[in-house]
Amino acid sequence: MNLKQLLHHFTNELIAIYDEQEIISIFNITVEHISGFNRSQLMLNADAEIEDVKYNEYLLALSRLKTGEPLQYVIGDTVFYGLTFKVSGAVLIPRPETEELVDWVIERCGSDQSKTLKNGSILDIGTGSGCIAISLKKNLDNFKVSAIDVSESALAIASENAQLNNAEINFIHADILSYKSTEMYDVIVSNPPYITMEEQKAMHKNVLENEPHLALFVSNEEPLIFYEAIAEFALRNLNENGLLCFEINEYLGKETVQMLSDKSFINIELRKDMQGKDRMVLASGMKL
Ligand code: GLN
């Protein structure tokens, strides 16, 4: 079998769950991963016989893709903020909207003239793959970056990613709902679980069946449970002029802003993502 025929095979096998354009990009990325061919090399090699070892790897990848397992888990990595991150079912696949949050944090920290933020410390709560903590560290080199997660298997992936990207991160295994610390931070950032059980019903089967529910879902009754706990933590552990930065549920922008203001945070800004959905909140101070 050659790559041209293999694309036909991928198309036949995957057409029930992906459209043709998606299959072509999945195929291209899989070929790059398994055979190391970029697009033009793929064209040049399209008629050459695929060696047995590689062919078996393609079939294995295809059998996983057929079950709806996301491509990123199948090939084992993804790109976030220009960096490569390992991913497995233990961590959420980094989303593009989270890159927008990272952008905002970097913009704020980078433009801050005060010495505190220039050499400050950052805590990422619920780090998962480590994508936020690591991309912040790579772009704000003077900052000391720590990251916590309740899942040990997520922390194992995050540590691998820190090594892979040559970023020094202090990882902490803890549950933010009960975590107490005496450490003070200048920036606290988090993309905690925020999808309610009600919204879960509308989610894509591939996400539901493969990504960690621990990283995604909250009850309908307490959709802001993590935001409240993190805000409480910030009241104790965030320096006076520090920044509190969240990715949020698009339907809970007003509620999140209100909760933060009730807890005496000031300068609260809400920002939309590229799709025009309320997606990020940043609070840059507390009433004393
Ligand atoms: N934005 C993610 C999604 O749509 C959810 C991230 C989260 O729950 N923190 O799947």
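Between 0 and 90 degrees, the angle of helix 152-164 with respect to the longest Cα principal axis of the chain falls at about 80 degrees. The ranking of Leu260, Leu7 from fewest to most other beta carbons within 10 Å of each one's beta carbon is Leu7, Leu260.
Axis angle, to the nearest 10 degrees, between helix 52-66 and the longest C-alpha principal axis of the chain: 50 degrees. Placing a pseudo-label 7 Å from each Cα along the Cα-to-Cβ vector at Arg271 and Ile24 gives an inter-label distance of 3.4 nm.
Here the extension length gained between Asn2 and Glu168 equals 55.4 nm, from 0.36 nm per residue of separation less the Cα-Cα distance.
Note on the range 77-283: Kirkwood hydrodynamic radius from all Cα pairs is 17.0 Å, rounded to one decimal. Once you order the gyration tensor axes a ≥ b ≥ c over the Cα atoms, which shape class does the range 27-154 get: rounded for a/c under 1.5, otherwise prolate or oblate by comparing a/b with b/c? Because a/c hits 1.5 or more and a/b exceeds b/c, the range 27-154 counts as prolate.
With Cα atoms as the point set, the radius of gyration and Dmax of the range 86-173 evaluate to 12.6, 40 Å. Here the extension length gained between Glu57 and Ser153 equals 32.0 nm, from 0.36 nm per residue of separation less the Cα-Cα distance.
Output the antiparallel fraction of DSSP beta bridges having both residues in the range 77-283, as a percent to the nearest 5.
Percent antiparallel among DSSP bridges in the range 77-283 is about 40.
Placing R0 at 35 angstrom, the Cβ-Cβ distance between Asn12 and Met43 gives a FRET efficiency of 0.95 after rounding to 0.05.
Residues His9, His204, His33, arranged from fewest to most other Cβ atoms within 10 angstrom of their Cβ, appear as His204, His9, His33. Here each label is just a point 7 Å from Cα along the line to Cβ, and for Arg236 and Tyr179 those points are 1.3 nm apart.
The ratio of the alpha-carbon radius of gyration of the range 3-67 to the globular-protein estimate 2.2 N^0.38 Å is 1.02.
Among Cys245, Cys109, a tally of other beta-carbon atoms within 10 Å of each Cβ gives an order, fewest to most, of Cys109, Cys245.
Every read-out reported here was derived from the displayed coordinates using simple, explicitly stated rules and does not represent laboratory data. Quick caveat, the model's predicted, so the values are computed rather than measured. For neighbour counting, all protein chains shown are included, and Cβ atoms are generated from backbone atoms with ideal geometry for every residue, glycine included.
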